[in-house]
Amino acid sequence: MTLQRREFLRGAAASVALPLLPSLAWSRGRASTSPVRAVWLYFPNGVAEGSWHPKRVGRKGQLVKLNAAMAPLERHRDDLLLLENVHMPEGNGHGAGTATWLTPGDWDEQTLDAGGASVDQLAARAIGGDSVVPALSLSTPGMGFFSSSLSRNTMSWSASGRPVFRETDPRAVFQRLFGASPDADRSLLDGLRAQAKALRKGLGADDRPKLDEYLEAIRGVERRIAFASNAATARRLAEAKELGLGAPPAAAPEDHKESLDQLFDLIALALWSGATRLASLMLDHGQSNRYCTFIPGVKGTWHALSHWKEFDGRSEDDDGETSWSSRKSKRAMYDRVVTWHHERVARFLDRLAQLPEGEGRLLDQTIVVYGSNIADGHDHAEEDLPILVAGGGGGAIRTGRQLESRRALNFSRVHLATLKALGVESERFGDTRRPLDWS
Amino acid sequence: MRPLPLLLLLTATAPAAAHPGPAQDEAVREVFEESCIECHDSVLTEGGFDLEFLFDVERPVTQLFAWRKARAMVEIGAMPPRQKLDADARRTLLGFFDSLETRALAEGGAPGYEPLRRLTRAELQNSLRDLLGVHVDLAPLLPGELVAEGGFTANSKTLFVHPDWLERAGSAVRLALLEALPDRGKASLRGAPEAVLERVMRGAYRRPLTGAELSEALARFAKLEETRPRRAALREALAAVLSSPHFLMRAEGTQTEAGPISDHALASRLSFFLWASGPDETLLDLADAGRLGDARVLEAQVARMLADERALALGELFAGQWLGTDALGTLVKPDPIDVPFMTDSVMAAMRAEVARFVLELIREDRPATALLDARFSFVNEELARFYGIKGVRGDTLRRVDTVPAERRGLLGKAGILATTSYPDRTSPVLRGNWVLTDLLGTPPPPPPPGASEFDEDLDEELEDASQRARLELHRSRAACASCHDRIDPLGFALEGFDRYGRSRRRDDEGNRVDTRGKLPNGATFRGPEGLAKVLVKHHMNDITKQAARRLLAYALARPLTWEDERTVADLAATLEEKGWGALVRAVVDSKPFRHQEPTR
């Protein structure tokens, strides 16, 4: 099995066994000015009402003390911009709200239409062309019901009806980014490419994109090989290793915490090394039924906990085995689960703050959008969604404060502002023409 | 012969005259505007039902499925809410809905378009097994398919070719090749390398090879052999074949014009339908000779394929996904410590039982009703013990001719009873819903807003009451009753089985189980046998339609549209008149299976 495992990992990087091509964008070297990066971090099942908004805010909106449930993020207070009254006007249920979290539209299960391309994919199309991976899309392996539901596992769309696959295995991600095979067979690559192109010619416009994806896979491996054999990449990887950011261990992650931390580390490494400028991670799928018993003092599944007002364990969201003594104790567990995830994000922000970039930190050049598609999970509440932004966005964002908003703030305005900060020219995102002013 | 008058000619050849839609028919329009539009205009669009849009659609029949949802609500009286339609208005609406059904049968029948798709994980695994003679479990290597609600994994609408998937498929291929052609030891692929290469390549591409394709592959092998041992060279050459879009994608059926599909496309459709794998040499030979489309040849091939053990895929993938039992042991998984008898092996046997049972109905050409009352089944020792059947030994499932009466047909199968329970108790609601939705294809509408609050009140009122008493109180509310009067009694009939599917006399609360039920139409029954009789007597029409719909969608690997309703009606009639084997043959003979619209 060791041999097989090794063969698989090698294969995962270069199964189509592709050669080194000299003519690639990455051989041009890294741009001299540091580009802005963006990261979207999604968590499911919302936050209990009252467990998100800061405890104390100064007169000009400056963050003085965060909510107790947000304690892990307290150390990054000065790098946070908390948003108020964010909503998704097209609706936000577990399935629909996940599928449309990053899109401007509403969800149609029949046509798999989430209302257009998602913000990360729009950005990837505009600025991702030179990257090894135009946009990194990650998630964690699902647990329990809805683990194979398309809408709950998809938040990136390259176009309406075209969901983007999410990688969950940290080792496969590392291989994909950095582990190109040196002994590639060029004729094989050319042969496959020719076959796909010939096949594509005979197809109609709807079917052609399927072959385009095949061709893209071949190009992706080429880019990877060029990137991996680039001296600048090797230097950055060596530096990163010094800072404790290396390849994930060969063994599968031991538990969920390690799995998430490894994925976060990979995002940091990918952004810093220039493998990509864009990444998104679903901390869990849109109706996570994961047993959160690995968190001290918590029992039951995440989704069941989010319905914290029913505690007798007999509602349909429960597993039937678990019950709670009171609303209060169940809510405390719900909070604890959310806080535990904040801790993972805080650790990721530590990484971004630790990595030097230009004159400052990688965090200063990054926009991290973090939040959920649901407000209070018990009511599937739609108003005032828990959303925050972290990082300086290359100087675009003034952080350390709460951005007051009396009226409902369409989440699309955040996406439009992110596109703008990334340098993507876009007049509108869906119907929204006004980017959020976060300066 | 006298020339036909021009007018007659026109009506004979022109597409069917415009159907007066809801907007044109005064009476229909009036009812909708009076009772529905307030909430269902294009601004509010409650429940995703947009009447203004539906009014504007040029051919109302194209929105048949949306109208059917509306019909279900009107029929049970859930819509309009807080207001009862008078008899005239109700008749007007139902008449309009009926006219749509008639239209669909008259105007539908276009063969439909199967978008280009990749192989599923199961199809890739089976193809590698058949081409290379090795079993490789792909579950750890490739992510499972994400599915849209109610869809099968093999659905061209949800099978996307992600670059990552393609690379991982490539890894899987290499792993399988390493098993088939190890550096040392016995290889499962025998013969001269050139012959092996040609044989695998033809099977992989599922069509005749062009001279150039073959000579290129052979040249690549010869070149590889210069620098490495023979087996390694053959592995590399085969890796190229099995990473090709011609293998990983179902491109063999692509057409540029509408019309009958080619013999090779037919061979593929057949084998993916019945085996979830590519065609074997017999099918390819017949297709090469242009004989597969011949009715007798085709019928003989279907019979051969169904008898082959590869047909088990039809039971596992089609029946398992249709009836929901594929969730058992993966999504539905009791704690092994608390429930020691629900072992992985017994759950596998439960899944396999349903798969083998449905396949056997097909193989033996049983009548439609056998789905509900067949006396045979398939059990191994562990499952037999579960059912109280004596004299079955060993782990292998084997056929028994007579099961206890309550185990006859689908309603007594543990796999179904366990997947339609909560982890801590049985649920007449879930089981009743399964009967209506999966078996009859007449799903009840979703609960109205506020339904869960009522549940909370119930919990406080009736702490130790039996399920039946709780549900009866629940149904005393008019808003709940309209649906639950139909749902719950079906589930009561199955209360003689616990949440794992074991027979029981007492329910979870310790009360004697009461398996009597009564439907709104007055039909009464007791226990699974009684329910089966009622379903056979009154609902075979729904069941045959549902079976036809599910099987056709599975065979075509795409969601059905209103155009397919005509085929569905024909297939359902075949099932009702001639049985399960005839249904499969009729699917293979149907226009959507044998024809294709051009690539789009």
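Any residue at all in region B:144-154 that is modelled with pLDDT of 90 or more and in a helix (DSSP H, G or I)?
No, that holds for no residue.
Conditions (1) surrounded by fewer than 18 Cβ atoms within 10 Å (Cβ to Cβ); (2) away from chain B (no Cβ under 14 Å); (3) among the charged types (D, E, K, R), marked per residue:
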site	(1), (2), (3)
A:Ser326	yes, yes, no
A:Val338	no, yes, no
A:His342	no, yes, no
A:Gln354	yes, yes, no
A:Asn373	no, yes, no
A:Glu383	yes, yes, yes
A:Gly392	no, yes, no
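Confirm whether A:Ile225 is more than 11 Å from chain B (Cβ to nearest Cβ) and either assigned to a helix (DSSP H, G or I) or out of contact with any strand residue (DSSP E or B) (no Cβ under 8 Å at 6 or more places or on another chain) (or both).
yes
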With the condition kept exactly as written, say whether any residue in region A:213-236 is at pLDDT below 90, in contact with a His (Cβ under 9 Å, 6 or more places away or on another chain), under 30 Å from B:Thr420 (Cβ atoms) and not hydroxyl-bearing (Ser, Thr, Tyr). no
Residue in region B:350-370 that is in a helix (DSSP H, G or I), at pLDDT below 95 and more than 14 Å from every other protein chain (Cβ to nearest Cβ) present: no
I'd like the full set of residues that are at the interface with chain A (Cβ under 10 Å from one of its Cβ atoms), over 26 Å from B:Thr120 (Cα atoms) and surrounded by 16 or more Cβ atoms within 10 Å (Cβ to Cβ), limited to region B:220-267. B:Arg220, B:Leu224
Could you check how many residues of region A:296-320 are within 14 Å of chain B (Cβ to nearest Cβ), touching a Lys or Arg at 6+ places or on another chain (Cβ under 9 Å) and assigned to a loop (DSSP other than H, G, I, E, B)? 8
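Within region B:544-563, is even one residue of a type outside the set (Lys, Arg), more than 18 Å from B:Phe272 (Cβ to Cβ), away from every other protein chain (no Cβ under 14 Å) and over 17 Å from the mean Cα position of the chain (by Cα)?
yes
Just give me the residues in region B:379-437 being β-branched (Val, Ile, Thr), farther than 12 Å from B:Phe357 by Cβ and at pLDDT 90 or above, in sequence order.
Matches in region B:379-437: B:Ile389, B:Val392, B:Thr396, B:Thr402, B:Thr419, B:Thr420, B:Val429, B:Val435, B:Thr437.
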In region B:46-53, is there at least one residue being surrounded by fewer than 18 Cβ atoms within 10 Å (Cβ to Cβ), in a helix (DSSP H, G or I), modelled with pLDDT of 80 or more and not β-branched (Val, Ile, Thr)? yes
Considering residues of region B:165-192 that are of a type in the set (Asp, Glu) and either more than 7 Å from chain A (Cβ to nearest Cβ) or surrounded by fewer than 22 Cβ atoms within 10 Å (Cβ to Cβ) (or both) only, the residue nearest to A:Ser137 (Cα to Cα): B:Glu179
If a residue counts only when it is modelled with pLDDT under 95 and under 18 Å from B:Leu159 (Cβ atoms), which helices (runs of 4 or more DSSP H) contained entirely in region B:233-293 have at least 1 such residues? B:245-248
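Yes/no matrix, rows are residues, columns are (1) among the acidic types (Asp, Glu); (2) buried (at least 23 other Cβ atoms within 10 Å of the Cβ); (3) more than 18 Å from the chain's Cα centre (by Cα):
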{"position": "A:Glu359", "(1), (2), (3)": "yes, no, yes"}
{"position": "A:Leu362", "(1), (2), (3)": "no, no, no"}
{"position": "A:Thr366", "(1), (2), (3)": "no, yes, no"}
{"position": "A:Tyr370", "(1), (2), (3)": "no, yes, no"}
{"position": "A:Asp379", "(1), (2), (3)": "yes, no, yes"}
{"position": "A:Ala396", "(1), (2), (3)": "no, no, yes"}
{"position": "A:Gly400", "(1), (2), (3)": "no, no, yes"}
{"position": "A:Ala408", "(1), (2), (3)": "no, no, yes"}
{"position": "A:Lys420", "(1), (2), (3)": "no, no, yes"}
Pairs please, first residue from region B:231-248 and farther than 18 Å from B:Gln125 by Cβ, second anywhere and charged (D, E, K, R), Cβ atoms under 6 Å, 6+ apart in sequence or on different chains. B:Ala233/B:Glu225; B:Ala237/B:Arg220
Inside region B:146-164, the number of residues satisfying the requirement of being in contact (Cβ under 8 Å) with a residue 12 or more places away in the chain and more than 7 Å from chain A (Cβ to nearest Cβ) is 7
Which residues, taken from region B:178-223, are closer than 15 Å to B:Phe247 by Cα and part of a helix (DSSP H, G or I)? B:Leu197, B:Glu198, B:Arg199, B:Val200, B:Met201, B:Arg202, B:Gly203, B:Ala204, B:Tyr205, B:Glu213, B:Leu214, B:Ala217
Quick check on this structure: which one of A:Arg208, A:Arg236 is surrounded by fewer than 24 Cβ atoms within 10 Å (Cβ to Cβ), at negative phi, within 14 Å of chain B (Cβ to nearest Cβ) and of a type in the set (Lys, Arg)? A:Arg208
For region A:158-172, what are the residues that are more than 9 Å from every other protein chain (Cβ to nearest Cβ) and either touching a helix residue (DSSP H, G or I) at 6+ places or on another chain (Cβ under 6 Å) or closer than 30 Å to B:Thr420 by Cα (or both)? A:Ser158, A:Pro170
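The values are calculated or read from the model by the stated rules, or taken from the named source; none is laboratory data. Treat the numbers as computed from the prediction; the structure is a model and nothing was measured. When we count neighbours, we look across all protein chains shown, and the Cβ atoms used for this are built from the backbone with ideal geometry, even at glycine.
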